[in-house]
Amino acid sequence: LEIEGFKILTANRGDKGIEIAREFIPDLIICEIQMKEMDGYEVLRLVLGTSRTSAIPFIFCTTKCEKNDRLIALKQGADDYMVKPVTMELLHKKAKKWIKTGSKRCN
């Protein structure tokens, strides 16, 4: 994505991701569900719970591949859901879409 001109900020833990989101207000958050200490659902809940970050489009990109996993994520407020492995083409397409349209929660 950097090659395409996107500036990427990364975090290897949910709490760090929340910290970065609150400080920099990114155009998009892409998050794994399965993490130690704080899972992706908790990250999503905290992002949605703060007016400063609640409008940021939020995509889960995860290895959780059951149909119910996707339904739970979308019901909790995620804008989109991708199952790993994800092609760069799909990742780029989704990133452009959500950055352009913004979160469905705001439309």
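The values are calculated or read from the model by the stated rules, or taken from the named source; none is laboratory data. Bear in mind the structure is a predicted one, so any value in this text is a computation, not a measurement. Glycine also receives a Cβ, built like all others from the backbone with ideal geometry; neighbour counts cover every protein chain displayed. Heavy atoms of the whole protein, side chains included, go into the accessibility calculation; ligands, DNA and RNA do not. Shrake-Rupley method; radii C 1.70, N 1.55, O 1.52, S 1.80 Å.
Once both labels are modelled 7 Å past Cα along the beta-carbon direction, what's the K36-K67 spacing in nm?
Label-label distance for K36 and K67, simple model: 3.5 nm.
Kindly write out, for segment 63-70 in residue order, the coupling ³J(HN,Hα) from the Karplus curve 6.51 cos²θ - 1.76 cosθ + 1.60 (θ = phi - 60°), rounded to whole Hz, with x marking Gly and Pro.
Going residue by residue, I get 8, 6, 10, 6, 4, 5, 4, 5 Hz, with x marking Gly and Pro.
Give the accessible surface of the chain per residue, rounded to a whole number of Å², with probe radius 1.4 Å and ligands, DNA and RNA excluded.
Using a 1.4 Å probe on heavy atoms only, each residue of the chain averages 65 Å².
Between A11 and M88, what is the label-point separation in nm under the 7 Å Cα-to-beta-carbon projection?
About 2.7 nm, to one decimal.
Mind checking Rg over Rh on segment 49-107, alpha carbons, Kirkwood formula for Rh?
0.98
To the nearest 0.05, how large is the calculated FRET efficiency for E2 and R45 if R₀ is 25 Å and r is the Cβ-Cβ distance?
Given R0 = 25 Å and the Cβ-Cβ separation, E is 0.30.
For the chain, which whole-number percentage of the solvent-accessible area (1.4 Å probe, protein heavy atoms only) is attributable to carbon and sulfur atoms?
53 percent
Loop sites only, by DSSP: take the GluC sites (Glu not before Pro) in the chain that have at most 12 other C-beta atoms within 10 Å and name the longest stretch containing none of them.
Free of exposed loop sites, the longest segment is 67-107.
How much net charge surrounds P57 when only other residues with a Cβ under 14 Å from its Cβ are counted (Lys, Arg +1; Asp, Glu -1)?
+4
For the chain, what Kirkwood radius comes out of the mean inverse Cα-Cα distance, in Å?
13.9 Å
Check cross-link reach from K75 to the aspartates and glutamates: straight Cα distance under 19 Å, and skip same-chain residues fewer than eight apart.
Reachable aspartates and glutamates: E32, D39, E42, E66.
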